[in-house]
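Working notes, beginning with the structure itself.
The values are calculated or read from the model by the stated rules, or taken from the named source; none is laboratory data. Bear in mind the structure is a predicted one, so any value in this text is a computation, not a measurement. With ideal geometry, Cβ positions are generated from the backbone for all residues, glycine too; neighbour counts draw on all protein chains shown. Just the protein is used for accessible areas: all its heavy atoms, side chains included, with ligands, DNA and RNA removed. Shrake-Rupley method; radii C 1.70, N 1.55, O 1.52, S 1.80 Å.
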Amino acid sequence: MKKGIDKSFLIGGAIAANQTEGGFGKNGKGLSISDMRRFNPNLDRKNINIERPMNQEKIDEFFDPNSKMFFPRKEGINFIETYKEDIALFKEMGMKSLRMSISWSRIFPNGDDLIPNELGLKFYDNVFDELIKSGIEPLVTISHYEMSYNLVKEYGGWKNKKLINFYERYVTVLFKRYKKIVKYWMPFNEINSAIYSVWSGAGLRDDEPNLMENAYQAMHNLFVAHASAVKIGHEINPNFLIGSMISHMLSYPLTPNPDDVLLNQKEQERRLYFYHDVLSKGKYPYFMEKIFLDNDYKLERTKEELELIATNTADFIGFSYYLSGTNSVERHEETEGNLVTFGKNPYLKSSEWGWQIDPVGLRFALNDLYERYEKPLLITENGIGVVEKLDKNNTVNDDYRIEYLKAHLQQIDLAIKDGVDVIGYTMWTPIDVVSHGTSEMSKRYGLIFVDQDDYGKGTKKRYRKKSFGWFKSLVESNYKTLKD
Ligand code: BGP
């Protein structure tokens, strides 16, 4: 039994290609579904609802040369050109790992190409070189919200089983090329987003008929692709560790009323355990069969696919954790959250975006997942988004971020003491990036400030926030400052 977080712990930060790289249309990169997500200046922070299943992407606007809409991911934070400088800062900060993603549309611009784009691969060769030189372990997400738009246009997204083959071709290229460089892989970011964020997670249009049935079919195809990636990866290098990555939408019953408890149980099954069960136990849970039956969803799930899923489960469980919510049968207030809205909890404070801050919930989640699945756990994302400006000393005094990260790390430390096998923590995010949900720059999570506004204007220069120094001393002190 470990005595808490120690030197072997993979501490670091997480970024995603679509929110950082930019380089739209350069070096053969194809148009991805993320590139087409726009910044909406009229968004209402208290009621963002930007990408619930029923929202429409501005596909036509994107192709209109006269459009006034701004698409921030075309530029990201220009990581494609600044990666060396940024990785040098990550090293200085003391990061031992970087969770990053590879842009599928940079490697297979149309998704269905037969040959990968060598220029795209070269970019990642360089990024990995830089990371290895800096002593930073790459933890790689293979697909983080950005397949080629062509796969949506020509095939209808993940509801089409042909995507499984295209994805297999893609992962085989990566596994072979980075066989000796990358050990930790995650086939998909927040795989449950296929249901809650259908465009980003599954490449489905929100105006298509039978949307939810299609989303569950897409979900199944994603599970098959996940299992296939585990199989192919282990064949190429048996030492690969290939893990799931699920958005951990934790909630509690609002009261001890047994009806609240039951309602919460049912919601957690649907939002969480469904995905964990399939990816970690290798089988569909009974409660989902009832949902499929009740809604008359007819899913095509072959015997071979179910066997593949059963025999190729995840090596570890990765999950993002930002907040928690509540459920009640009585009328109650709702608040914003990651991918979905949540019931309010009177015991918790919220971020400016209404996300309820709950460090103890992380210890609960870690114990809960370890008890159920007995697999090593990796917290792949955790952080706080805040509107920030540089002060006159060219820094940001982000004590609230230090407090947030510290409180969550303290709970991880306690969970390890409880006996849970936690292998690492990559905070979201070491550097300010374009927000996934709102496509704005103003929602800043970074420990490094990027001088860039919601319209991509600014010098894009990087500045260390106060939390940067805190993180550095945390690692240097071997986590002693966690107790301060
Ligand atoms: C997760 C995504 C990330 C990231 C994060 C914060 O769901 O995997 O890509 O962006 O949430 O969300 P947001 O940027 O919407 O605040």
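Which semi-axis lengths, in whole Å and largest first, follow from the square roots of five times the eigenvalues of the Cα gyration tensor of segment 63-133? Mind showing how you got there, number by number?
Details: eigenvalues 144, 73, 16 Å².
Semi-axes (√(5λ), whole Å): 27, 19, 9.
Which whole-percent values make up P(r) of segment 427-471 when all C-alpha to C-alpha distances are grouped in 10 Å steps starting at zero?
Once binned at 10 Å, the Cα pair distances of segment 427-471 give 30, 54, 15, 0.
Over the C-alpha atoms of segment 398-440, what are the Rg and the largest Cα-to-Cα span, Dmax, in Å?
13.5, 40
What percentages make up the Cα-Cα pair-distance distribution of segment 1-158 when the bins are 10 Å wide from 0?
10, 34, 31, 19, 6, 1, 0
At q = 0.10 Å⁻¹, what is the log10 ratio I(q)/I(0) for segment 156-294, with the Debye formula run over Cα points and no solvent?
Listed by q, the Debye log ratios stand at -0.39.
With the Cα gyration tensor of segment 148-222 in hand, give its eigenvalues times 5 under a square root as the equivalent ellipsoid semi-axes, listed largest first in whole angstrom. Don't skip to the end; give the middle numbers.
Working: eigenvalues 130, 35, 17 Å².
For segment 148-222, the semi-axes come out at 25, 13, 9 Å.
With a 1.4 Å probe and every protein chain left in place, work out the accessible area per residue of segment 122-197 in Å², rounded to a whole number. Spell out each step's value before the answer.
On the way: 2460 Å² over 76 residues.
Accessible area per residue, segment 122-197: 32 Å².
P(r) for segment 265-310: what percent of alpha-carbon pairs falls in each 10 Å bin, starting at zero?
26, 54, 20, 0
Excluding ligands, DNA and RNA, what is the solvent-accessible area per residue of segment 211-289 at a probe of 1.4 Å, expressed in Å²? Mind showing how you got there, number by number?
Numbers: 2630 Å² over 79 residues.
Per residue, segment 211-289 has 33 Å² of solvent-accessible surface.
Please identify the helices of the chain, taking whole runs of DSSP H, that span at least 24 Å along their own axis as judged from the Cα atoms and have a mean Kyte-Doolittle score of 0.0 or higher.
Working: long enough: 211-236 (36 Å, 0.27); 399-418 (28 Å, -0.53).
Result, helices passing both filters: 211-236.
Give the aspartates and glutamates reachable from LYS303 as a straight Cα distance under 17 Å; neighbours fewer than 8 places away on the same chain don't count.
GLU289
Quick one: pull the percentage of alpha-carbon pairs in segment 371-453 with a separation above 15 Å. Each step should come with its number before you reach the end.
Values: 2110 of 3403 pairs.
Value for segment 371-453: 62 percent of Cα pairs lie more than 15 Å apart.
Taking the Cα atoms of the chain, what is the range of coordinates along each of the three principal axes, in descending order and whole Å?
Computed over the chain, the largest-to-smallest principal extents equal 60, 56, 49 Å.
Ignoring ligands, DNA and RNA, what percent of the accessible area of the chain is carbon or sulfur (1.4 Å)?
On the way: 9710 of 19160 Å².
Heavy-atom surface of the chain belonging to carbon and sulfur, 1.4 Å probe: 51 percent.
Please enumerate, by chain and number, the lysines with C-alpha under 20 Å from the C-alpha of LYS2, excluding those fewer than 8 residues away in the same chain.
Here the lysines satisfying the reach criterion relative to LYS2 are LYS96, LYS375, LYS406, LYS417, LYS480, LYS483.
Please say if segment 105-233 is rounded, prolate or oblate, where rounded means a/c under 1.5 for a ≥ b ≥ c the square roots of the C-alpha gyration tensor eigenvalues, and otherwise the choice is prolate for a/b larger than b/c and oblate otherwise? Walk me through the numbers on the way to the answer.
Working: a/c = 2.14, a/b = 1.83, b/c = 1.17.
Prolate, since a/c reaches 1.5 and a/b exceeds b/c.
Using the per-residue mean of other Cβ atoms lying within 10 Å as a proxy for protection, in what order, highest first, do the peptides 242-252, 356-366 fall? Each step should come with its number before you reach the end.
Working: 242-252: 26.0, 356-366: 21.7.
Peptide ranking by packing, descending: 242-252, 356-366.
In straight Cα distance, which lysines are under 16 Å from LYS460, not counting same-chain residues fewer than 8 positions off?
Partners found: LYS74, LYS84, LYS389, LYS443.
Restricting to lysines 8 or more places apart or on different chains, can you count the pairs in segment 153-237 with Cα atoms under 25 Å from each other?
Taking segment 153-237 as the scope, the lysine pair count is 11.
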